[in-house]
1. Probe of 1.4 angstrom, ligands and nucleic acids ignored: what's the accessible area per residue over region 142-190, in square angstrom?
2. Please list, in order along region 63-77, the HN-Hα scalar couplings obtained from phi with the Karplus expression 6.51 cos²θ - 1.76 cosθ + 1.60 (θ = phi - 60°), rounded to whole Hz, x for Gly and Pro.
3. List the lysines whose Cα sits under 17 Å from the Cα of LYS150, skipping any in the same chain fewer than 8 residues away.
4. For region 54-166, go through all pairs of different Cα atoms, get the mean of 1/r, take its inverse, and jot down that Kirkwood value in Å.
5. Find, among the chymotrypsin sites (Phe, Trp or Tyr not before Pro) in region 153-245, those assigned to loop by DSSP (not H, G, I, E, B) with at most 12 other beta-carbon atoms within 10 angstrom.
Amino acid sequence: ASSSDSATASDSVFASAEFQEYEREFRQYCADNLRSHNPQTDFDSIRRDSAEDLAAKLAVLSQWWRSAAHVVVFTGAGISTSSGLPDYRGPSGIWTRKVRGETVSESLDLRGIEPTPAHGALTRLYQAGKLALVATTNDDSLHGKAGLPKHALVELHGNLFVEECAQCGARYERPFKVRTATGLFEHATGRPCEKCGGPLRDNLVNFGNTFEHVPSMEAEHDRAWVAMLKADLVVVLGSSLSVPTA
């Protein structure tokens, strides 16, 4: 077994033993992506275009978008950072800070978090008939909060505010974060279905999870796959596309 497979609670980045799977994934990410294995510099970079270059690129994107018949947008954590939420791989991202040895909170505080101008722009593009679908690895619910309808949105990693019945498949959108489980392969929320009484589960795709752990995500991934096949333009916003589900 490799050293990453033999992690114990004492050397876990997170103190709780339930997050050891997360740590193994994080260590593998570092092994695959660190360029010089110097955490002070490897992630500490943002490319900023000059005003002229940015204007030229936006003009090209606008031309492509106007000419396209079926546009799909793929979004990641970077689209939500201006709302106050952290990303993972940016200069101030969760994983960047962990690589540097900083203490990073396990919880995600969504109180007072509102959609960004980018979320609002995508909703307006959909309403104008210029956007077919948004596929996202974000679970923050900000696309929906910005007014994008469910049929135009695929949440590949689930939604922090949604729980589903394991028996009848009923879906409930809550005004609170539904997850109560602590293990990455545990999804029961402890609440019963209001329709059939069956156990409710969160639909979050944690590290190492497959369709076996979150069955409803298979249909979501199928929807995204079909939309991508139809697309004549795919725009990626706020994602490095490093996660396999991307």
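The values are calculated or read from the model by the stated rules, or taken from the named source; none is laboratory data. Since the model is a prediction, treat every value here as computed from it, not as a measurement. Please note: Cβ atoms are built from the backbone with ideal geometry, for glycine as well, and neighbour counts cover all protein chains shown. Heads up: the accessible areas ignore ligands, DNA and RNA and are worked out on the full protein's heavy atoms, side chains in. Shrake-Rupley method; radii C 1.70, N 1.55, O 1.52, S 1.80 Å.
1. Values: 2150 Å² over 49 residues.
In whole numbers, region 142-190 has 44 Å² accessible per residue.
2. Ordered by residue, 3J(HN,Hα) equals 5, 4, 5, 5, 7, 7, 9, 9, 9, 10, 10, 10, 10, x, 4 Hz.
3. LYS130
4. Numbers: mean 1/r = 0.0639 Å⁻¹.
One over the average 1/r among Cα pairs gives 15.7 Å for region 54-166.
5. Details: sites: PHE161, TYR172, PHE176, PHE185, PHE207, PHE211, TRP225; in loops: PHE161, PHE176, PHE185, PHE207, PHE211.
Here the chymotrypsin sites (Phe, Trp or Tyr not before Pro) that fit, given the DSSP loop and packing criteria, are PHE176.
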